[in-house]
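Only the coordinates and a few stated rules stand behind these numbers; no lab work does. All values reported here derive from a predicted model rather than from experimental measurement. Backbone-built Cβ (ideal geometry, glycine too); neighbour counts: all protein chains shown.
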Amino acid sequence: MLDFDLNMEQIQKHPIVATISIAAGAILASEVIWKMVTFLQGQLSGKKPLRVHEVLTFNELGDICAAQHLRSPDLSKSPDAVVLQCRNQHCTLRNVGKIVEQIDQAQYSIDIAIYTFTSLPLADAFKRALQRGVNIRIISDREMVFSAGSQINVLASLGVPVRTPITTYMMHNKYCVIDGVERVEEIRLLKKRKWMRPCCSVVVSGSVNWTRQGFGGNWENCILSADEKLARMFQADFARMWKAFENSEDKLKPKI
Ligand SMILES: [Zn+2]
C-alpha cells in the first residue's frame, strides 16, 4: 500500500513525466506481446515460409519508420529480422531487405536486366552470391554501365559478364531471374553434373531502378514472385537478349 500511495503521489507531482513513462511502457509491452504472438504462430503452425509472392511499393511513406531502424545492423551485411518485420509496408529498408533476402537464397544463377544499378545493399548481396559460386550475368544500357556509382561496372570487375544492346534505344528493363529452371539446367550441363540441389525460381521485377532515388524517393513498385511460369517467361526473354547482344561483351571493359 505504501508503494502504491508513493507512486500515486509521484504521478500527481509529475503528471507529464508519468504520462510519457506510462505511454513508453505500453508501447514496449505491445512490441513484446506482438513478437511473442508471431513467434508462437510460427511454432504452432509448423509451416515453412511460403514461396515469395509479394508486391513491394516505394513511396513517400518509405522513411517514416527510419528512426526506429537506426540501431539496426547495416542491411548490406544481411537482411535484419527486425527490419524485415517492420509493420510499415512501404518501409524502404524492409523492402530493399526483402529483395536482398531473395538474392541471398540464390543457389546457381542470377540473370539481371537493368537500366541503372547503384544500390550498395544489392551489390553486396550479388557479391555474396558470387562468393557462393552463383553464376551472374548482366544485360544493361550501354551508357549506364559506366555512369557514376554504377555497380554494374564493379561487378564486371569481379568477372561478371555484361552485355548491352548497341543502339540509341534504351535497355529499360528492371528485373532479375534467380535460379531460372532453364539456366540451372544449362549450368548443370556445363559443369557435367548429374544432379543439382532442388532450388526455387524467383523473379524480381517492377518499375524501380536499383538506385537510392528509386528505392527512397520515387513512387515505384517491385514484384517478388516464385511463380515458375512467370520465371520461365522472364528467363526466356533474358536468354534471347543475351544471345542477341553476344558481340557487345568484349567492348565492355570495366573502368575502375
Ligand atoms: Zn521500417
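Rounded to the nearest 5, what is the percent of antiparallel bridges among the DSSP beta bridges in the range 53-251? Working shown, then result.
Numbers: 19 of 28 bridges.
If I count the DSSP bridges inside the range 53-251, around 70 percent turn out antiparallel.
Let me check I've understood the local charge: for T167, count other residues with C-beta under 12 angstrom from its C-beta, Lys and Arg +1, Asp and Glu -1. What total comes out? Before the final figure, lay out each step's value.
On the way: positive: R142; negative: D141, E143.
Charge balance in the 12 Å sphere: -1.
Using a Förster distance of 41 angstrom, determine the FRET efficiency expected from the C-beta separation of S157 and T19, and round it to 0.05. Walk me through the intermediate numbers first.
On the way: r = 57 Å, r/R0 = 1.39.
Computed FRET efficiency for S157 and T19 comes out at 0.10.
Arranged by the count of other C-beta atoms within 10 angstrom, fewest first, what order do F146, F58 take? Present the calculation step by step, with values, prior to reporting the outcome.
Values: F146 16, F58 24.
In increasing order of surrounding Cβ atoms, one gets F146, F58.
Using the Karplus curve 6.51 cos²θ - 1.76 cosθ + 1.60 with θ = phi - 60°, what ³J(HN,Hα) values do you get for each residue of the range 186-196, in whole Hz, with x for Gly and Pro?
Ordered by residue, 3J(HN,Hα) equals 4, 5, 4, 5, 4, 8, 6, 9, 7, 9, 10 Hz.
Non-local amide H neighbours of I223 (under 5 Å, H modeled in plane, Pro and chain starts lacking H): which ones?
Sorted by chain and number, the residues that satisfy this are L56, S205, G206.
Once the piece of chain linking L61 and R212 is laid out straight, how much longer is it, given 0.36 nm per residue of separation minus the C-alpha distance between them? It would help to have the intermediate numbers written out before the result.
Working: separation 151, 0.36 × 151 = 54.36 nm, distance 1.49 nm.
That pair, L61 and R212, stretches by 52.9 nm at full extension.
Assuming R0 = 35 Å, what is the FRET efficiency of W219 and L130, from their Cβ-Cβ distance, to the nearest 0.05? Intermediate values should be presented prior to the final figure.
On the way: r = 32 Å, r/R0 = 0.92.
With a Förster radius of 35 Å, E is 0.65.
Measure off 7 Å from each Cα along the Cα-to-Cβ vector at N247 and Q12, then give the distance between these two points in nanometres to one decimal.
9.1
Between A81 and Q68, what is the label-point separation in nm under the 7 Å Cα-to-beta-carbon projection?
In this crude label model, Q68 to A81 measures out at 1.7 nm.
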